[in-house]
Amino acid sequence: MAVDGVSNVTSNTSTSSTKKSTLQYDQFLQLLIAQMKNQDPTDPMDASEQVAQLATFSQVEQTVQTNTKLDTLLASSSLTQASAYIGKYMTSADGSVAGTISSVKVYSDGIIATTSDGKSILVQAGITLADQAPASTTTTDSSS
């Protein structure tokens with residue numbers, strides 16, 4: 001019965017790291033319970049082994065909770081950073097796209113800024129950010 005539970009949990013694998021951590025945590029718990037239920041009564045598990053497994057179980061639980069809190073903190077930081085881009089003038093790292101940012105989308109692996117004319121800029125190292133568009137540098141000949 002415990003083995004069926006493990007295979008059912010495995011088939012519901014998600015792409016998010018939090019769900020993967022929880023999946024591993026749940027699998028560990030189910031395997032530990034199955035091991036304790038199915039141990040040989042004439043040769044029970046050594047007490048020191050059991051304590052070591054329970055300590056490992058506790059570490060896994062704390063790691064899952066820490067990862068969940070870190071994910072929440074990173075998402076909050078990304079939202080704060082993203083909101084600061086709206087209304088600013090941004091140039092992409094390669095210089096091919098530039099414009100005033102009208103909206104921002106935050107993804108788990110980065111931020112995409114959209115200019116007022118609908119072009120997208122990946123927020124990454126090398127972008128240029130300014131409060132306003134640079135002044136035009138065209139020169140005119142006024143020596144008539």
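The values are calculated or read from the model by the stated rules, or taken from the named source; none is laboratory data. Remember, it's a predicted structure, so these values are computed and weren't measured experimentally. Here the Cβ positions follow ideal geometry from the backbone for every residue, glycine too, while neighbour counts run over all protein chains shown.
What residue, among those in segment 110-144 that are at pLDDT 90 or above, of a type in the set (Gly, Ala, Ser) and more than 24 Å from the chain's Cα centre (by Cα), is surrounded by the fewest Cβ atoms within 10 Å (Cβ to Cβ)?
The selected residue is Gly118.
Does Lys105 meet the test of being within 15 Å of the chain's Cα centre (by Cα) and of a type in the set (D, E, K, R)?
yes
Is it the case that some residue within segment 90-108 is out of contact with any strand residue (DSSP E or B) (no Cβ under 6 Å at 6 or more places or on another chain) and at pLDDT below 80?
yes
Only one of these conditions is not met by Thr68: (1) under 30 Å from Leu32 (Cβ atoms); (2) among the hydroxyl-bearing types (Ser, Thr, Tyr); (3) not assigned by TED's automatic domain parsing to the domain that holds Leu29. Which number is it?
Condition (3) is where Thr68 drops out.
Looking only at strands (runs of 3 or more DSSP E) that fall completely inside segment 33-144, which ones have 1 or more residues that are touching a helix residue (DSSP H, G or I) at 6+ places or on another chain (Cβ under 6 Å)?
98-107, 110-115
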